[in-house]
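Contents: one structure, followed by commentary.
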Protein chains: 4
Amino acid sequence: MGIMRIGKAELRVLDLEESVNYYTNIIGLEEVGRSAGRVYLKAWDEFDHHSLVLQEADSPGLDHFAFKVRNESDLEYYERKIEQFGCTLKRVSKGTRLAEGEAIRFTLPTGHQMELYHDIEHLGKKTGTLNPHPWPDEMKGIAPHRLDHVLLIGDDVKTVTRLFTEALEMFQSERIMTLDGEDMVGSFMHAQNGKAHDIAFIKGPDNKLHHAAFKVETWFDVLQAADRLARYDVPIEVTPTRHAMTRAETIYFFDPSGNRNEAYSGGYITYPDSPTITWTEDKIAHGIFYHRKEMIESFVNALT
Amino acid sequence: MGIMRIGKAELRVLDLEESVNYYTNIIGLEEVGRSAGRVYLKAWDEFDHHSLVLQEADSPGLDHFAFKVRNESDLEYYERKIEQFGCTLKRVSKGTRLAEGEAIRFTLPTGHQMELYHDIEHLGKKTGTLNPHPWPDEMKGIAPHRLDHVLLIGDDVKTVTRLFTEALEMFQSERIMTLDGEDMVGSFMHAQNGKAHDIAFIKGPDNKLHHAAFKVETWFDVLQAADRLARYDVPIEVTPTRHAMTRAETIYFFDPSGNRNEAYSGGYITYPDSPTITWTEDKIAHGIFYHRKEMIESFVNALT
Amino acid sequence: MGIMRIGKAELRVLDLEESVNYYTNIIGLEEVGRSAGRVYLKAWDEFDHHSLVLQEADSPGLDHFAFKVRNESDLEYYERKIEQFGCTLKRVSKGTRLAEGEAIRFTLPTGHQMELYHDIEHLGKKTGTLNPHPWPDEMKGIAPHRLDHVLLIGDDVKTVTRLFTEALEMFQSERIMTLDGEDMVGSFMHAQNGKAHDIAFIKGPDNKLHHAAFKVETWFDVLQAADRLARYDVPIEVTPTRHAMTRAETIYFFDPSGNRNEAYSGGYITYPDSPTITWTEDKIAHGIFYHRKEMIESFVNALT
Amino acid sequence: MGIMRIGKAELRVLDLEESVNYYTNIIGLEEVGRSAGRVYLKAWDEFDHHSLVLQEADSPGLDHFAFKVRNESDLEYYERKIEQFGCTLKRVSKGTRLAEGEAIRFTLPTGHQMELYHDIEHLGKKTGTLNPHPWPDEMKGIAPHRLDHVLLIGDDVKTVTRLFTEALEMFQSERIMTLDGEDMVGSFMHAQNGKAHDIAFIKGPDNKLHHAAFKVETWFDVLQAADRLARYDVPIEVTPTRHAMTRAETIYFFDPSGNRNEAYSGGYITYPDSPTITWTEDKIAHGIFYHRKEMIESFVNALT
């Protein structure tokens, strides 16, 4: 039993068709379904029905994100633990969204809406599971492997970290501490899945989205992604560089509604016994932009 | 609780110093200690004291391999399950090998010696855990990130797969079946860690090692590894290519005693709910050597 | 004045439509025109009207290859030098082939037909020459930058080398000598253009084609090319590896008529003062297949 | 006969030993000799004795740069053409600098000192010219292949371009024009060697150096270079990105004296018949920083 991964995120977008065009033709996700006001998308290398939901809305941002648990019965187990932790929680009934079963939805100490679910239709990959080719016949756009993680902004990073590591039994790969060691201002966490992070929090105004990240294969794909974004006039905020935090290669850019996206490659493997890396607040720029070593103003302020 | 990863392998080598030279200067592992007849090595990106042990012996091959469990108490839990499965098992006492605590050792249905352990000294990485650089100051040789997996040869692949998936609660990512679907002739399995495999079995004579694999970052590193091996006259059996099985990029070569090594990059991420990919026996060559699509004779026959 | 580069090759193919499908959809060249029994193709990164011509014929092989000279008047200059060298030569009149002007055609000491030309229509690249994007909007197939070189088989490598270096004033980057240093069995030559070779000869039966090579950007593109060929069942003869000769990364495969193709990246820059590298015949395998260090039988025998 | 390539640059540096340490240990050039106040360096993949000379001085900048001609007699030929163009010119006698023969030195319309030379000692590569390995045994630092080009600042870009294309018979690959098409504010030029540029000029104060560039193999090497610079606290001005101009991958950074360096990979091949690409002044940022599309202030103002 337990939590397996971030499985879905639902983004609010201003113009649904413009957003669908961006996420399918530029990012290269596949549209797999529609329901009232929502479009469902999956990456080519994911098995489940969808990992990204676009919801037409008046303002951009994150409606909610969701982690998949191993068994249906895990919902009850975590329901108890989350309520004991003190979060407000409700059941989301089957049929609320396309291809999804029942879920639990709760409010994080940082104000974000999170869900846990097990039941979702299985669509599979175009390559199939019998004598597969490594890649599908043709791919479009940046063609990421998967939704990789979300980075959220909120005030109480310490408490939301406790929720994830204690109630949800996840692991902290890296953290950013104030110089006096008293406060936690950044936290990167993952389920037991080898990833450097499924979710991260940085201190700031509550209930904000910093970015949703998609996994590409290598540094070469990061360049190809950047070239493609430049080709189609997508605003690139952070050009190709290295994160020292999570050791990944990265670019940041914006969807048509102003939600920040990341294309992300590399990073290390994690296990339950991997020690947590600590950053002191004065080294944040070194940690995030290893080559530049200077913070980028919009990177701090542009939140949705 | 549970099994986290393959943590160690102990190889029998003919000439200890020649082997240490190969594994440190060509492969680029670090020698971290010696005890009677044994040399202990770790990769730069591993936290634990060692992942590879070289044992001087009259014939090459695998002394044993070992998986690390999350807690000391897991040993007892799996001890019971392994005995129930019918394997002969004994305790290995602390102090038997350098830097290691107590372990359990048992014989697989394929004749191999396997251990489970939790207690091992933590050496850490040269980059440390406080405001780290992504890489250590200088690296040597191929400089893999970690011991990635071992592939073993044995007769009863079906039963050994049951041991791993039922008693050890691991997961099967891929399997090779005879055309009639009756017998399993290949099996790739992983702990809950996102890896495509920690261990694999291919049908053949019992208690044989096919290869021990080291993880490098990208296809580019596979080329640099191959160039380095060629430069220093290490025999390369399989030049750079793609596996369709596990979707990895790879080369195979031999250590001075004839034990096969692999340098491995790429591959997909796995979760407990990832479906098992099935290969039919007639597509083995397509699966292993995606570009060549023909089996290499030595690849079948050179076992230690 | 002088010779600039190999500019074109005309291949004999058995089934024209099957070949066009291969060279456009798999290799990713663009069809730019047709004339009686011929199809004209260009790579996306070439300016001239075409670089590859397919000619329907009863047997595969090379009809001729052609080098482009800087000025129309160079034709007369080289005409004299080639005749002085002793080659049979004739003028090819404008209109013989699509988009081409006058050329001179002569027979090499190895029996191959070679042409020199200056006049060819300029089609340009899709990216244009005003504020261009680095890449065209979409690319297809392997999408090489250019026809890079041809490797031909013939008996008198020494004499054909003299023709190229003396009469045609080109340069020899590498050569393969018998152990006694008496005979030349391999020769790599280039115009003054920085390339490791525009043309090469290996000793063997006269008037044979070994391969026509296309330039891709990097080792990563070589992998993607190999994956694509495997995906569409194109027979790959040599899987991704390093040449020590010319220091390139490479794969070899066959077009539907059995003409060998190469996808080639890397290699060093050459200048008129670059010393010629010498290989002794006993090191041919090391030179051609740096990782494998063993000759591949078909690589010697499959000629068209 | 003719000009082959940029062969050397002599930089003024403030602290000779600190600069030698930087250019040998971080950049990875080899120190090949010293004479009064000067240190001579070469890249591993160059044949000639040196390509970079460091001269201790009170201010940073470029003492001169030099192009190599094919024959000693070319000096006389170009001497005449340069004087006819109207440049002040003098002979530099053999023995002025280590390992160098006679040269001609003249002042460009932009105030820079340029030399032409043929005679320089041949040191060769560590790999030799007999059955070579592709790479030397061990390499240090960024380990570029060669000095690739210099970009200079000066007022009269149009006239200096005429000097290079008419008197020196070189070629212009790209140019930047004012919107009215009247003035040339940028010019990229190369000898007949396939390079995208050996030298470039951007309009600005006379006699200034913008940067000296070193060639690395691929985008992957650009990342490794950036990681290494970050690791050793070398200030990186421009993190890894794409140039649309010359289509290269690049980073910019500063030597200890404030001279800007570039590590450069990719780019296209050029020939004498390659059309010149034109940029309009309003697209400079798009051309130089394809991903960012915004100019960087220091990139305009930090000149030596």
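When region B:182-201 is filtered for residues that are within 24 Å of B:ALA263 (Cα to Cα), without any contact (Cβ under 8 Å) to a residue 60 or more places away in the chain and either within 14 Å of another protein chain (Cβ to nearest Cβ) or out of contact with any helix residue (DSSP H, G or I) (no Cβ under 7 Å at 6 or more places or on another chain) (or both), the ones remaining, listed by number, are B:PHE188, B:HIS197, B:ALA200.
Region D:61-110 holds strands (runs of 3 or more DSSP E) entirely within its bounds, and those carrying 1 or more residues that are open to solvent by 60 Å² or more (accessible area, probe 1.4 Å) map to D:89-92.
Does any residue of region A:245-262 turn out to be within 10 Å of another protein chain (Cβ to nearest Cβ), farther than 18 Å from A:LEU152 by Cβ, more than 20 Å from the chain's Cα centre (by Cα) and of a type in the set (Phe, Trp, Tyr)?
So the first thing to find is which residues in region A:245-262 are within 10 Å of another protein chain (Cβ to nearest Cβ), and the list is A:245-249, A:251, A:253.
Filter once more, keeping what is farther than 18 Å from A:LEU152 by Cβ: A:247, A:249, A:251, A:253.
With more than 20 Å from the chain's Cα centre (by Cα) added as a condition, the list becomes none.
There is no residue in region A:245-262 that is within 10 Å of another protein chain (Cβ to nearest Cβ), farther than 18 Å from A:LEU152 by Cβ, more than 20 Å from the chain's Cα centre (by Cα) and of a type in the set (Phe, Trp, Tyr).
Given (1) within 14 Å of chain A (Cβ to nearest Cβ); (2) outside any helix (DSSP H, G or I), where does D:HIS211 come up short, assuming only one miss? That leaves (1) as the condition not met. Within 19 Å of the chain's Cα centre (by Cα) and either within 14 Å of chain C (Cβ to nearest Cβ) or in a strand (DSSP E or B) (or both), is that true of D:LEU179? When the stated conditions are applied, D:LEU179 does not pass them.
Using the structure shown, decide if B:ARG146 is open to solvent by 20 Å² or more (accessible area, probe 1.4 Å), within 16 Å of B:ILE6 (Cβ to Cβ) and of a type in the set (D, E, K, R). Before you say what the answer is, go through the steps one by one.
Numbers: open to solvent by 20 Å² or more (accessible area, probe 1.4 Å): yes; within 16 Å of B:ILE6 (Cβ to Cβ): yes; of a type in the set (D, E, K, R): yes.
Yes; evaluated as a whole, the condition is true for this residue.
Note on region C:34-60: among residues that are in a strand (DSSP E or B) and free of Cβ contacts under 8 Å to residues at least 60 places away in the same chain, the one that is farthest from the chain's Cα centre (by Cα) is C:GLU56.
Tell me the residue from A:ALA248, A:ALA263, A:ALA285 that is assigned by TED's automatic domain parsing to the domain that holds A:ALA200 and more than 30 Å from B:HIS122 (Cα to Cα), please. Let's see the steps before the verdict.
On the way: A:ALA248 fails: more than 30 Å from B:HIS122 (Cα to Cα); A:ALA285 fails: more than 30 Å from B:HIS122 (Cα to Cα).
Just a single option satisfies the conditions, and that option is A:ALA263.
Quick one: in region D:186-221, which of the residues that are among the acidic types (Asp, Glu) and surrounded by fewer than 22 Cβ atoms within 10 Å (Cβ to Cβ) is farthest from C:MET4 (Cα to Cα)?
The first filter runs over region D:186-221 and keeps only residues among the acidic types (Asp, Glu), leaving D:198, D:206, D:217, D:221.
Then drop every residue that is not surrounded by fewer than 22 Cβ atoms within 10 Å (Cβ to Cβ), which leaves D:206, D:217, D:221.
Numbers: D:ASP206: 35, D:GLU217: 24, D:ASP221: 30 Å.
Among those residues, the one meeting the criterion is D:ASP206.
Criterion applied to A:GLU31, A:GLU18 was being farther than 25 Å from B:ILE277 by Cβ and touching a residue at least 40 places away in the same chain (Cβ under 8 Å), and the one residue passing it is A:GLU18. As a summary of the residue check, D:ILE236 satisfies the conditions (1) open to solvent by 10 Å² or more (accessible area, probe 1.4 Å); (2) more than 9 Å from chain A (Cβ to nearest Cβ); (3) of a type outside the set (Phe, Trp, Tyr); (4) in contact with a helix residue (DSSP H, G or I) (Cβ under 6 Å, 6 or more places away or on another chain) except for the one numbered (2). Select from region C:13-32 the residues that are open to solvent by 60 Å² or more (accessible area, probe 1.4 Å) and either of a type outside the set (A, V, I, L, M, F, W, C) or in a strand (DSSP E or B) (or both) and list them in ascending order. Of everything in region C:13-32, those that are open to solvent by 60 Å² or more (accessible area, probe 1.4 Å) and either of a type outside the set (A, V, I, L, M, F, W, C) or in a strand (DSSP E or B) (or both) turn out to be C:ASP15, C:GLU17, C:GLU18, C:ASN21, C:ASN25, C:GLU30, C:GLU31.
Give region B:171-181 a look and list any residue that's in contact with a strand residue (DSSP E or B) (Cβ under 7 Å, 6 or more places away or on another chain) and either free of Cβ contacts under 8 Å to residues at least 12 places away in the same chain or open to solvent by 10 Å² or more (accessible area, probe 1.4 Å) (or both), or say none. Don't jump to the end; show me each part of the working.
If we filter region B:171-181 for residues that are in contact with a strand residue (DSSP E or B) (Cβ under 7 Å, 6 or more places away or on another chain), which is where we start, we get B:171-179.
The answer is B:PHE171, B:GLN172, B:ARG175, B:MET177, B:THR178, B:LEU179.
Based on this model, can you work out whether A:ILE251 counts as touching an Asp or Glu at 6+ places or on another chain (Cβ under 6 Å) and either touching a residue at least 12 places away in the same chain (Cβ under 8 Å) or open to solvent by 10 Å² or more (accessible area, probe 1.4 Å) (or both)? If you could, list the steps in order and put the result at the bottom.
Working: touching an Asp or Glu at 6+ places or on another chain (Cβ under 6 Å): no; either touching a residue at least 12 places away in the same chain (Cβ under 8 Å) or open to solvent by 10 Å² or more (accessible area, probe 1.4 Å) (or both): yes.
So A:ILE251 fails the test.
For region C:113-137, how many residues meet the condition of being crowded, with 16+ Cβ neighbours inside 10 Å, assigned to a loop (DSSP other than H, G, I, E, B) and more than 8 Å from chain D (Cβ to nearest Cβ)?
Taking region C:113-137 as the starting set, the residues that turn out to be crowded, with 16+ Cβ neighbours inside 10 Å are C:114-118, C:120, C:123, C:125, C:127, C:131-136.
From what is left, the residues that are assigned to a loop (DSSP other than H, G, I, E, B) are C:118, C:123, C:125, C:127, C:131-136.
Next, only the ones that are more than 8 Å from chain D (Cβ to nearest Cβ) stay: C:118, C:123, C:125, C:127, C:135-136.
Within region C:113-137, residues that are crowded, with 16+ Cβ neighbours inside 10 Å, assigned to a loop (DSSP other than H, G, I, E, B) and more than 8 Å from chain D (Cβ to nearest Cβ) number 6.
If you go through region B:48-66 and pick out every residue that is within 24 Å of B:THR129 (Cβ to Cβ) and touching a Gly at 6+ places or on another chain (Cβ under 9 Å), you end up with 4. Determine if region C:51-69 includes at least one residue that is under 30 Å from C:GLU166 (Cα atoms), of a type in the set (Asp, Glu) and more than 14 Å from chain D (Cβ to nearest Cβ). Yes; the residues of region C:51-69 include at least one that is under 30 Å from C:GLU166 (Cα atoms), of a type in the set (Asp, Glu) and more than 14 Å from chain D (Cβ to nearest Cβ). For region A:268-294, taking the residues that are in contact with a Lys or Arg (Cβ under 7 Å, 6 or more places away or on another chain) and within 14 Å of chain D (Cβ to nearest Cβ), the one that is surrounded by the fewest Cβ atoms within 10 Å (Cβ to Cβ) is identified as A:ALA285.
The values are calculated or read from the model by the stated rules, or taken from the named source; none is laboratory data. Please read these numbers as outputs of a predicted model, since none were measured by experiment. Please note: Cβ atoms are built from the backbone with ideal geometry, for glycine as well, and neighbour counts cover all protein chains shown. Please note that ligands, DNA and RNA were not included when accessible areas were found on the heavy atoms of the full protein model with its side chains. Shrake-Rupley method; radii C 1.70, N 1.55, O 1.52, S 1.80 Å.
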